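Engineer: Below you will find the structure I want to go over with you.
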Amino acid sequence: IDDGIIHAPPEILWPALDRFYRKLECDAGLLVNRVKTKIYSPNGNYFGKPSDYEIGSIQTTVIGQDGVPTEVMAHGLTVWGVALSHDNNYIKAKLAAKAKEVSNTINKVTNSFSSLSNDVAMSAIRLSLLPRFQFYQQTHPPDLMAETNATVQRALNSAIQRVAGIPLLHPSAYSLDPDNLRDPDICSEMIALPAKLKGFGLRRLDVFVS
C-alpha cells in the first residue's frame, strides 16, 4: 500500500483514522504500523493526538546571529518529496539532505561512467539528474533553495571538470592570456547554454535565486 495523505481538524481526524485503521484490520487483515504515521499541524494544535502518532520532525543545526551553531528540533512534514512547514529550518534541513543525495549521485554517475565514456557520463547528468533536481526547485521557495543550489552546483562543476579533463570554468584552461580576455565567462556561459544553441545543456543552478 502506498503512502496516504489526510488532513482535517483534530476532532475529526483522529476518530476518522481510527475507524479507517479498524476497517483495514477487519476487512483486509492488515495491521497498520502506527509509528510510521507522521503528523504535522501548522498552528500547533495536536489536541487529542494518540500517543503512538509521531509529529514530523528533523534534528538540524542552526547558525545563530552570533555565529554559534545550535542543535534544534524543527517540525514539519514531507509530502511527495515537498518539505512543508512554517519553520524554515525544517525545509532547509530537508533540502540540505536532498542536496547531499543529489551530489553523491552526480559523483557516483561520473565516476562510474567516465571510465566507459565521458559522453555517456555527460548525457546522464544532462538528461536525467538535472531534471530530477529541478522538481525541488519548482516546489520549494527560491530563497530557501540558495544553499542547496550552491551545493549541487559545486558537484556539477567537479563532474564537468572530470568529464572534460580540464577546468573549463577557469579561463586559464583555454587561454594563454586569461587576464586580458574580452569575455572571461564565455566557456561557463557555453556550458549553461541549451544543447540546441551548441551549449552543454547544463544550466546553472545557483543564479536563479533572488
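The values are calculated or read from the model by the stated rules, or taken from the named source; none is laboratory data. Note that the structure is a prediction, hence the values are computed from the model and not measured. Cβ atoms come from the backbone with ideal geometry, glycine included; neighbour counts cover every protein chain shown. Each accessible area value is taken on the protein alone, full model and side chains, heavy atoms only, with ligands, DNA and RNA left out. Shrake-Rupley method; radii C 1.70, N 1.55, O 1.52, S 1.80 Å.
Engineer: Just one of the numbered conditions (1) free of Cβ contacts under 8 Å to residues at least 12 places away in the same chain; (2) outside any helix (DSSP H, G or I) is not true of L168; which one?
Structural biologist: Single failed check for L168: (1).
Engineer: Scan the stretch 1-28 residue by residue and report those that are outside any helix (DSSP H, G or I) and farther than 25 Å from N43 by Cβ.
Structural biologist: Taking the stretch 1-28 as the starting set, the residues that turn out to be outside any helix (DSSP H, G or I) are 1-9.
Result: I1, D2.
Engineer: For D185, work out the one condition from (1) within 30 Å of V79 (Cβ to Cβ); (2) open to solvent by 70 Å² or more (accessible area, probe 1.4 Å); (3) modelled with pLDDT under 80 it doesn't fulfil.
Structural biologist: (1)
Residues checked against (1) open to solvent by 50 Å² or more (accessible area, probe 1.4 Å); (2) closer than 28 Å to N88 by Cβ; (3) without any contact (Cβ under 8 Å) to a residue 40 or more places away in the chain; (4) part of a helix (DSSP H, G or I):
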| position | (1), (2), (3), (4) |
| --- | --- |
| K108 | yes, no, yes, yes |
| D119 | yes, no, yes, yes |
| Q138 | yes, yes, yes, yes |
| S175 | no, no, yes, no |
| D179 | yes, no, yes, yes |
| R204 | yes, yes, no, no |
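Engineer: Say whether the condition of being touching a residue at least 24 places away in the same chain (Cβ under 8 Å) and outside any helix (DSSP H, G or I) is met by at least one residue in the stretch 150-160. Before you say what the answer is, go through the steps one by one.
Structural biologist: Within the stretch 150-160, the first condition is being touching a residue at least 24 places away in the same chain (Cβ under 8 Å), and the residues that meet it are 150-156, 158-160.
Then drop every residue that is not outside any helix (DSSP H, G or I), which leaves none.
No, the stretch 150-160 contains no residue that is touching a residue at least 24 places away in the same chain (Cβ under 8 Å) and outside any helix (DSSP H, G or I).
Engineer: Filter the stretch 148-167 for residues that are touching a helix residue (DSSP H, G or I) at 6+ places or on another chain (Cβ under 7 Å) and of a type outside the set (A, V, I, L, M); which is surrounded by the most Cβ atoms within 10 Å (Cβ to Cβ)?
Structural biologist: Start the filter on the stretch 148-167 by keeping residues that are touching a helix residue (DSSP H, G or I) at 6+ places or on another chain (Cβ under 7 Å), which leaves 148, 151-152, 155-156, 159-160, 162-163, 166-167.
Restricting the remaining residues to those that are of a type outside the set (A, V, I, L, M) gives 148, 151, 162, 167.
Numbers: T148: 27, T151: 19, R162: 14, P167: 15.
Selected residue: T148.
Engineer: Can you pull out every residue in the stretch 1-54 that is touching a residue at least 24 places away in the same chain (Cβ under 8 Å), in contact with a helix residue (DSSP H, G or I) (Cβ under 8 Å, 6 or more places away or on another chain) and among the charged types (D, E, K, R)?
Structural biologist: K49
Engineer: Test S103 against the criterion of being farther than 14 Å from L202 by Cβ, of a type outside the set (K, R) and either in contact with a Ser or Thr (Cβ under 8 Å, 6 or more places away or on another chain) or not in a helix (DSSP H, G or I) (or both), and give yes or no. Quick ask: steps written out before the conclusion?
Structural biologist: On the way: farther than 14 Å from L202 by Cβ: yes; of a type outside the set (K, R): yes; either in contact with a Ser or Thr (Cβ under 8 Å, 6 or more places away or on another chain) or not in a helix (DSSP H, G or I) (or both): yes.
Here the answer is yes, as S103 does meet what is asked.
Engineer: Please state which one of E101, E25 is exposed (fewer than 14 other Cβ atoms within 10 Å of the Cβ) and under 17 Å from the mean Cα position of the chain (by Cα).
Structural biologist: Working: E25 fails: under 17 Å from the mean Cα position of the chain (by Cα).
When all the criteria are applied, what remains is E101.
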